[in-house]
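Q: Have a look at the structure that comes next, please.
Every read-out reported here was derived from the displayed coordinates using simple, explicitly stated rules and does not represent laboratory data. Note that the structure is predicted; figures quoted are calculated from it, not measured. Cβ placement follows ideal geometry from the backbone for every residue including glycine, while neighbour counts extend to all protein chains displayed.
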Amino acid sequence: MSRRLSSQSLLLLQALADGGSHWQYGLELARMTGLKSGTLYPILIRLAERDLLESCWLEPERSGRPPRHAYRINAAGRSALREASRGSPSLALKGAFQ
Amino acid sequence: MTISRTVARWMMEAVVRHSPPARHEWAVAMQREYDALDRGHLAWAAGCFTAAARWALRREWLYLLLICLVPVIIEVVPRIEFDFLWYGLVSRSAFIAFEHNYAAVIGILTPLPLAILLGRYRPDRVGTTIILGCLLAQHVGGTLMVMRELGGSFLSWWAPNATLYMMPPLAGLLTSMCVWYIGASLGARMRWPVHR
């Protein structure tokens, strides 16, 4: 049985879900969630290891810049978010307004 | 470049350079985001550095714990040695006299098995084992323990007639480091399995 997702993990999954199928960078996720880099990346790593999100290196919009790592939620992540929101009224309420 | 940006850059370089192989891609990802920042570089770098430090601690905690135990083990082993090895063979007074006469040799050689064990456990850290184990743990830590029991200070190392293992302190320290080097190198070359 996998561990319950923390509130910060769910916050991050919700931010990824809000982005739909668009890839999002770490900086964007940090701004949306308010998570600091030292918290954000361990959570991203845990979610990636649990296959709740996808990641890839995206070529930058501006030439001459190196690729950046981007993330988006996958079906398993959406399912985990739905499962968690069943037990969390605040999450369920957020989902109702989407 | 300001001081804070310089410090932030050093931190990010350390994160990428010292990340474990399984986390290297993520460390590079953190750095690429750092490069894309307009402001807040120090905060971002500090967060990444903290995350990387936690990775390192998760990987190295047992090694660091063993290093911290060096002065304790060196202090405890001679005390229990009589009870387990020599009891019934020699009298306690004869054992104490032997220890007193050969204290220097015993003091230098006691950490050898520990150095071998640490060298085997972390064969990629022989240099670090010598510095942390010999210098910091055995001598600084050991001095602190003696100070707690008997008083005195680190200045006693530089007193006119100070000796270490019946040699001038620097010679004693170098001899001890040689023993640690031999032990850690031997351990690094051994083939018995260590599960990590």
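Q: Which ³J(HN,Hα) values in Hz, rounded to whole numbers, follow from the phi angles of the range B:113-120 under the Karplus curve 6.51 cos²θ - 1.76 cosθ + 1.60, where θ = phi - 60° and Gly and Pro get x?
A: Coupling constants for the range B:113-120: x, 5, 5, 4, 4, 5, x, 6 Hz.
Q: Which value in nm describes the separation of the simple spin-label points at B:Val76 and A:Gln8, placed 7 Å from the Cα toward the beta carbon?
A: Between B:Val76 and A:Gln8, the simple spin-label model gives 3.5 nm.
Q: Report, to the nearest 10°, how far helix A:37-49 tilts away from the longest principal axis of the Cα atoms in chain A, using its own Cα long axis and a range of 0 to 90°.
A: Taking Cα atoms only, the helix is inclined about 70 degrees.
Q: Turning to a different aspect of this structure: List the residues, sorted by chain then number, that are 5 or more residues from A:Arg50 or on another chain and whose placed amide H is less than 5 Å from its amide H.
A: Distant-sequence amide H within range of A:Arg50: zero hits.
Q: Can you work out the FRET efficiency for the pair B:Ala14 and B:Ser185, with r the C-beta to C-beta distance and R0 = 22 Å, to the nearest 0.05?
A: With a Förster radius of 22 Å, E is 0.20.
Q: Apply the Karplus curve 6.51 cos²θ - 1.76 cosθ + 1.60, θ = phi - 60°, to the phi angles in the range A:76-86 and return the couplings in whole Hz, x for Gly and Pro.
A: Computed from phi, the couplings for the range A:76-86 are 5, x, 5, 5, 5, 5, 5, 4, 5, 6, 5 Hz.
Q: Under the rule that an exposed site lies in a DSSP loop and has at most 12 other Cβ atoms within 10 Å, name the longest stretch of chain A with no trypsin sites (Lys or Arg not before Pro) of that kind, not counting the sites themselves.
A: A:5-61
Q: Now for a different question. Enumerate the amide H contacts of B:Leu164 below 5 Å, restricted to partners 5 or more residues apart or on another chain; note that Pro and chain-start residues carry no placed amide H.
A: B:Gly172
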